[in-house]
Every structure is written in C-alpha cells, then in structure tokens.
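Here is the structure we will look at, set down as structure tokens.
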Amino acid sequence: MMELLSNNIFVSPKVQLTFVFGILSFVAFFIGCVFPRLIKFFLSLFVSSEVGEKADKLLQPYKHLIGLTFGLGFLEIVALFIPILDDYPAIEIIISLILTVEACWLSSRILGKYIDDYILESALKSGRQANSELLVLVKITAYFAIIFSGIIFFTQTHKINIFSLLASLGIGGLAIAFAAQKTLEQVLGGVVLYLDHPFYIDDYIGLPDGTFGRVESIGWRSTKIRTSGKGTVMIIPNNALTQMNIENFSGAKKVISILYLNFKHQVDPKEQALIEQVVLTSTKDIFGLDSRSTRIDFTTINKNDEPKSKAQVSLFILGSGKVSMELRRQLLDMATETITKKLKSYDINFDIEEPTIYVDAPVII
C-alpha cells in the first residue's frame, strides 16, 4: 500500500509540475533580487557608468520586493496560460491580486524615491528652489495612474467588465467636473507652469498689468507674488498666468553703465530737474534698457574754491548674448551724444568723463 502511494505521489503529473514551477518561481525571485545589479551592468556598458550607478542606487533598496514581483509574475503567467490550477481558481485570483497590489506599491515607492532623490537634487544643483506643492501634485497624479493601471490589469486578466462600471459613473463624474471646471482649469494651469518653467520660486517677474514682484510660491491652483514697493501678496490663478506674457528678470545679465557729467557751475534744483528729464527722455527708447532703474545722483564738489556740480548717471542694460550686449552699448553711445546735444541746447555746459564705465553683474532686484 505504501509503495503504491509512493509511486502515485511521484508519478502524478500535477505534483511534478507544481514542484518544477516552485523551483522556477524561486529562480525568478533570485533573478529579481539581482535585477538592480543587472540593470547597472547593462546601463554602464551601453549608456554610462553614472547612469548605471544612479539606477542601482534607486533600485537596490527594493531588491527583495523586485524579486517577489518576479516570482509572483512567473506564477501568474503559469496560472494564466498553463491549466495546472484549473481545479483551484481561487489560488490564481489570490496570486494575481497579491501581484497587482505588490507591483503598484513597489512602483509608487520607486517613483517617490526618484522624485525625492533626483528631481530635488537637480533643483538644488541648478540653484532653484524646488516647488514642493507641485511635486506633491505630480506624485499624487502618478500614484493614481499606477493604481488605475493595476486595476485595469487585474480586471482585464480576470474578465471583469470595469469599463461598464466606469461608464455608469461617468455621468456623475461629468457633473462633478462641470461644477469644478474653474478649479480644474487652475490645477491644469499649475501643471503647465511646472512643465514649462516660465519662472521659479524667488524669481522676479513682471506682468502685462504692471504687476512686478518676487514669486513666493507656485501652488496647485494659484501663484503668490510679493509685489515690490507695497510688499503685498497677489494671488493669481495659474490658468490666467498661462495666457499672459510674463517678463522674467531673474537670471538675466545686467550691465551697469555709469556716466559722469562734470558741470561748469553749481546746478540749482530747477536745472537738476531739467537734466533728469533730458536724460530719461534720451534713454527710454534704448533697446534692452531698464528705464525704471535709471538713476541720476547730483553731488557738489569744490574745485579751486568754487562749488561745482557733478552728476552720476547709472543706466541698467539687460541682455544675455555678447552680440546683443554690444549692440545695446552702441545704442547707449548714441544716446549719450543725444544727451550732450540737448543739454548744450539749453546752455548747460559740462564735460563727460572718459571712458564710460561698464560693470557686468547678475540682475539683483
């Protein structure tokens, strides 16, 4: 009897297949555990060692979870395509459900680590402040996409018609979407700002309505700008910003042009006002000149015991390229000639110190 039972145990095809598949699933688990090292090897071989190191650093903490995913994935393939478990359908459903949940959780963990480690790191290296609110939005959106993909995978492999359920819920979803249309537009505007990067936190920007200030935060729905001068906070919906012409002053190159005007006499306040008007009128149309920052400072000097006035004219030229900056300097030289002619037409005698001083500096508002 025992001999017959023993023979039946070893001869049974299902038992043999179960044993073989168990061994193969363990092999799949082992392959999954060494998967990060394999990825590192192939990326280092075909791409670069730096990319390989980053991939290994990203995946190595989850090697056992990756191994479990490989093992469960192998068992799921066996259960779906080989009728070894036809008599036990509940086992296949349990394996598939565990695989789906574990794969979604693993994907979300890896994605979250990638955003925290590499996107934040690249933002810090670029000298920009990372926008935590938009990063959270990206994370949540990606998590929902992963969960939705897992649900679709599970329902489709088990012939569950989830699309009819979604269709039945579609009318309610459309009603909610219509009611929250403005909010959704603002949230999508925030996504556009995050992808397009017209400005970053701490950048100084100007808007067509005359708003000028520092970006304090870029949220899901709106952006906060601390206005210069008044110091108040303007809250602007993101969808409105995506339709505006935004002037970003931060990161631009600035050349400060300093002119010294030495007058033959002491200039009274009335003449000072006239000189300021002539300077501003002669330079306001110069290509790339920030006329709002033009400054004229008068000082009195004693030369041969005779008081005389001296004016320092500071002009701020904005630009980024070497050619355009040279063009702006040439236009500035032409404006200097115009200033000289106009002032002399008012019988104001002065000399311009040579050479004109140019100071390169980043824009600091």
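The values are calculated or read from the model by the stated rules, or taken from the named source; none is laboratory data. Because the structure is a prediction, the values reported are computed rather than measured. In this analysis, Cβ positions are derived from the backbone assuming ideal geometry, glycine residues included, and neighbour counts consider all displayed protein chains.
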Count of the stretch 320-365 residues which are modelled with pLDDT of 75 or more and outside any helix (DSSP H, G or I): 8
Criterion violated by Q243 - all others in (1) modelled with pLDDT under 80; (2) not in a strand (DSSP E or B) satisfied: (1)
Residues located in the stretch 265-303, provided they are closer than 19 Å to G206 by Cβ, among the acidic types (D, E) and surrounded by 12 or more Cβ atoms within 10 Å (Cβ to Cβ): D290
Count of the stretch 280-305 residues which are touching a helix residue (DSSP H, G or I) at 6+ places or on another chain (Cβ under 6 Å) and part of a helix (DSSP H, G or I): 2
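Please go through the stretch 192-245 and give me each residue that is free of Cβ contacts under 8 Å to residues at least 60 places away in the same chain, under 24 Å from V138 (Cα atoms) and hydrophobic (A, V, I, L, M, F, W, C), ordered by number. Before the answer, list the steps.
Looking only at the stretch 192-245, we keep the residues that are free of Cβ contacts under 8 Å to residues at least 60 places away in the same chain, and these are 192-193, 195-199, 203, 205-213, 215-216, 221-227, 229-245.
Cutting the leftovers down to under 24 Å from V138 (Cα atoms) gives us 192-193, 195-199, 203, 215-216, 221-225, 235-244.
Scanning the stretch 192-245 gives V192, L193, L195, F199, V215, I225, I235, I236, A240, L241, M244.
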Condition check for L65: at pLDDT below 75 and either under 24 Å from I151 (Cα atoms) or touching a Gly at 6+ places or on another chain (Cβ under 7 Å) (or both): no
